[in-house]
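Q: Dropping a structure here in structure tokens format, bear with me for questions.
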Amino acid sequence: MKCFFNFLGRYMIEMTDQPEGFIDIHCHLLPAVDDGCQSLAETIECIAMLKEIGFVGSICTPHVGLEHYAANDVDFVKQRTEQLRGDLAANSIEYPVWSGGEMRLPKDNSDFLSSDAVPRLAGSNVVLFDWWGRDWPAQFDDYLKQLISDGLQPVLAHPERLPMDEEFFRRTMDRLTNLDVWLQANLKSFLPDMEQPIRDKAIWLLEQGRYHFIASDSHGPRSIPSRVAGLNQLRQVIDETELQRLMSDNPRQLIAVAT
């Protein structure tokens, strides 16, 4: 697999600069910007619960896209992340946050992808995107190739939740792997009572070693208990070394000096 962490020389924070623990690369902690936390109080409540299960920092990834949440551009998310840092400090809460975004791939506007509108995780060259269709539009492969040619590393959020039939899903995952697209799983997807197709896809990708990250994708305080349960279930199917790789080691490589 190609290495896209070309920002390390200038930006990467030494591992020792952050306390040991998980780094959440996908969450909706920023208050009142999307369908995640709706107030600072909810954000603080989420952080308290995340800390209890071993998280020591989060990359804030509100929804970003042309059709939905169009106001959540890169500068706005950075401003709101900085505001959240100040609010946490004012409340004596030690929990670093970085800016990012969960970008919906546009169906017919590739110009969006070649502009500064593409959100990057914690100042890195890594881009988190999602898609919800049963199909995989042909132009998406071209979009991803464009991102990669621009020096960016695309990461598909929660692919196990794609409502594709099994055969088409596996073919799509194979094609993305060949394109060097990384995959990120949701903790909730490993719950035994999760919809069977979702859990089956998550376990298959996990067993195949396809995931590069596992994250909470938390959407407010009421979403956290399912993530706690998912983490407990995940510990039943992989060893601690692999868990640390997916939730600590790999995410820490994204942590950069946020502006």
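The values are calculated or read from the model by the stated rules, or taken from the named source; none is laboratory data. Just so it is clear, the model here is predicted, and its values are computed rather than measured. Here the Cβ is made from the backbone with ideal geometry for all residues, glycine too, and neighbour counts use every protein chain on show.
Q: When you scan region 195-259 for helices (runs of 4 or more DSSP H) that lie fully inside it, which ones turn up with 3 or more residues that are out of contact with any Pro (no Cβ under 7 Å at 6 or more places or on another chain) and of a type in the set (Gly, Ala, Ser)?
A: Values: elements: 196-207, 224-234, 240-244.
In region 195-259, 224-234 are the helices (runs of 4 or more DSSP H) which contain 3 or more residues that are out of contact with any Pro (no Cβ under 7 Å at 6 or more places or on another chain) and of a type in the set (Gly, Ala, Ser).
Q: Quick one: is Ile224 crowded, with 20+ Cβ neighbours inside 10 Å and more than 14 Å from the chain's Cα centre (by Cα)?
A: yes
Q: Something else about it: For residues in region 170-209 being basic (Lys, Arg) and buried (at least 20 other Cβ atoms within 10 Å of the Cβ), which is farthest from Trp136 (Cα to Cα)?
A: Initially, region 170-209 is screened for residues basic (Lys, Arg), giving 170-171, 175, 188, 199, 201.
Narrowing further to those that are buried (at least 20 other Cβ atoms within 10 Å of the Cβ): 188, 201.
Working: Lys188: 24, Lys201: 17 Å.
Filtering first and then ranking leaves Lys188.
Residue by residue, here is whether (1) under 19 Å from the mean Cα position of the chain (by Cα); (2) of a type in the set (D, E, K, R); (3) farther than 26 Å from Asp249 by Cα; (4) at pLDDT below 95 holds:
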site	(1), (2), (3), (4)
Leu156	yes, no, no, no
Glu160	yes, yes, no, no
Asp174	no, yes, no, no
Trp182	yes, no, no, no
Met194	no, no, yes, yes
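Q: Would you confirm, using the coordinates I've provided, whether Thr177 is hydroxyl-bearing (Ser, Thr, Tyr), within 24 Å of Leu105 (Cβ to Cβ), out of contact with any Cys (no Cβ under 7 Å at 6 or more places or on another chain) and not in a loop (DSSP other than H, G, I, E, B)? Quick ask: steps written out before the conclusion?
A: Working: hydroxyl-bearing (Ser, Thr, Tyr): yes; within 24 Å of Leu105 (Cβ to Cβ): yes; out of contact with any Cys (no Cβ under 7 Å at 6 or more places or on another chain): yes; not in a loop (DSSP other than H, G, I, E, B): yes.
Judged against the criteria, Thr177 is a match.
Q: When you scan region 43-65, how many residues do you find that are over 17 Å from Ala157 (Cβ atoms), touching a Lys or Arg at 6+ places or on another chain (Cβ under 9 Å) and surrounded by fewer than 23 Cβ atoms within 10 Å (Cβ to Cβ)?
A: Final tally of qualifying residues: 2.
Q: For residues in region 118-152 being under 12 Å from Glu102 (Cα atoms) and either assigned to a helix (DSSP H, G or I) or of a type in the set (A, V, I, L, M) (or both), which is modelled with the lowest pLDDT?
A: So the residue we want is Val118.
Q: Any residue in region 153-169 that is hydrophobic (A, V, I, L, M, F, W, C), part of a helix (DSSP H, G or I), buried (at least 22 other Cβ atoms within 10 Å of the Cβ) and out of contact with any Pro (no Cβ under 7 Å at 6 or more places or on another chain)?
A: Taking every residue of region 153-169 in turn, none turns out to be hydrophobic (A, V, I, L, M, F, W, C), part of a helix (DSSP H, G or I), buried (at least 22 other Cβ atoms within 10 Å of the Cβ) and out of contact with any Pro (no Cβ under 7 Å at 6 or more places or on another chain).
Q: For region 197-213, which positions are in contact with a Ser or Thr (Cβ under 9 Å, 6 or more places away or on another chain) and under 16 Å from Leu50 (Cβ atoms)?
A: None - no residue of region 197-213 is in contact with a Ser or Thr (Cβ under 9 Å, 6 or more places away or on another chain) and under 16 Å from Leu50 (Cβ atoms), so the list stays empty.
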